[in-house]
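Below is one structure; the comments refer to it alone.
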Amino acid sequence: LMDVHMPEMDGMTATRKIRNGEAGKNNQKIPIIALTAYAMSEDKKQIMDSGMSNFLTKPVNFDRLKGVLEKTESVQIEEDRDGNRHLILDYATSLEYFNNDKKLLKDLYLKFIDGEGERMAKINYNWSTNKLEELMFSVHKLKGAASMLGANNLYLRLSSLEKKLSESNVDLQLLSEERDKMEQCFNRTVEEMNKVIESF
């Protein structure tokens, strides 16, 4: 449990240092749960972006604490090319967004895995057949689903890809590496969703 507001070093700074390996490589992926008196969405985003696994607001409700502990595993994070760190799946924020309805979130994860898996296949098909308009439509739809379900890194990769696809005289062959990274990110997102589904 990491208090967000502490003297000398705040909890978010401490968490970043742990995730960067300054507390030893063996501790980089330990679960870290934020304790904070603030509940604004911006505060929560900053907390999760620092590398926290989850968060609790004060005063602590012990049923909520038990639930968070049961759902918290080693945090899965990625770095983008600028060194910014993003959660692969922001489960805590998504659950709150859907009014703590775990069944609904589970159903949405299952729908994403099933339906968006088909969309990924369409992306690959449209890419290989050079159907740019259909490709951009599929990328945009997948980006929207990723945003709604807290798939942060996938959303960022899709946003970057969508921007590049919209440029004039785009050469899909030159963007193949970008597509491959996006697909890898999609697969990691699905893995994280399956972990959450299994924990319900």
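Take the conditions of a type outside the set (Ser, Thr, Tyr), in a helix (DSSP H, G or I) and open to solvent by 50 Å² or more (accessible area, probe 1.4 Å) and apply them to residue 120. Does it pass?
Numbers: of a type outside the set (Ser, Thr, Tyr): yes; in a helix (DSSP H, G or I): yes; open to solvent by 50 Å² or more (accessible area, probe 1.4 Å): no.
For residue 120, the condition - of a type outside the set (Ser, Thr, Tyr), in a helix (DSSP H, G or I) and open to solvent by 50 Å² or more (accessible area, probe 1.4 Å) - is not met.
Regarding residue 125, is this residue surrounded by fewer than 17 Cβ atoms within 10 Å (Cβ to Cβ), at pLDDT 85 or above, among the hydroxyl-bearing types (Ser, Thr, Tyr) and assigned to a helix (DSSP H, G or I)?
On the way: surrounded by fewer than 17 Cβ atoms within 10 Å (Cβ to Cβ): yes; at pLDDT 85 or above: yes; among the hydroxyl-bearing types (Ser, Thr, Tyr): yes; assigned to a helix (DSSP H, G or I): yes.
Criteria met by residue 125.
Tell me which residues, restricted to the stretch 176-191, are out of contact with any Leu (no Cβ under 7 Å at 6 or more places or on another chain) and open to solvent by less than 40 Å² (accessible area, probe 1.4 Å).
The answer is 176, 190.
Residue under question is residue 191, and the condition is that it be charged (D, E, K, R) and in a loop (DSSP other than H, G, I, E, B); does it hold?
no
Could you count how many residues in the stretch 53-69 are surrounded by fewer than 14 Cβ atoms within 10 Å (Cβ to Cβ) and among the aliphatic types (A, V, I, L, M)?
Within the stretch 53-69, residues that are surrounded by fewer than 14 Cβ atoms within 10 Å (Cβ to Cβ) and among the aliphatic types (A, V, I, L, M) number 2.
Does any residue in the stretch 150-173 that is open to solvent by 30 Å² or more (accessible area, probe 1.4 Å) and in a helix (DSSP H, G or I) come within less than 7 Å, Cβ to Cβ, of a residue that is basic (Lys, Arg) and at pLDDT below 90 six or more places away or on a different chain, and which pairs are these?
Listed pairs, sorted by first residue: 155/143; 157/181; 159/143; 162/143.
Could you list, in sequence order, the residues of the stretch 85-139 that are β-branched (Val, Ile, Thr) and within 15 Å of residue 176 (Cα to Cα)? Even if it seems obvious, please write down each step before you answer.
Of the residues in the stretch 85-139, the ones β-branched (Val, Ile, Thr) are 88, 93, 113, 123, 129, 139.
Listed by number, the residues that qualify are 123, 129, 139.
Within the stretch 134-143, how many residues turn out to be within 13 Å of residue 162 (Cβ to Cβ) and open to solvent by 40 Å² or more (accessible area, probe 1.4 Å)?
Just the residues of the stretch 134-143 that are within 13 Å of residue 162 (Cβ to Cβ), to begin with: 135-143.
Subset that is open to solvent by 40 Å² or more (accessible area, probe 1.4 Å): 136-137, 140-141.
Going through the stretch 134-143 one residue at a time, the tally reaches 4.
Does the stretch 99-110 hold any residues that are open to solvent by 70 Å² or more (accessible area, probe 1.4 Å) and more than 12 Å from residue 197 (Cα to Cα), and which are they?
99, 100
The values are calculated or read from the model by the stated rules, or taken from the named source; none is laboratory data. This one's a predicted model, so the numbers in the text were calculated from it and none came from an experiment. Cβ: placed from backbone, ideal geometry, glycine included. Neighbour counts: every protein chain shown. Note: accessible area is taken over every heavy atom of the protein model, side chains too, but ligands, DNA and RNA are not part of it. Shrake-Rupley method; radii C 1.70, N 1.55, O 1.52, S 1.80 Å.
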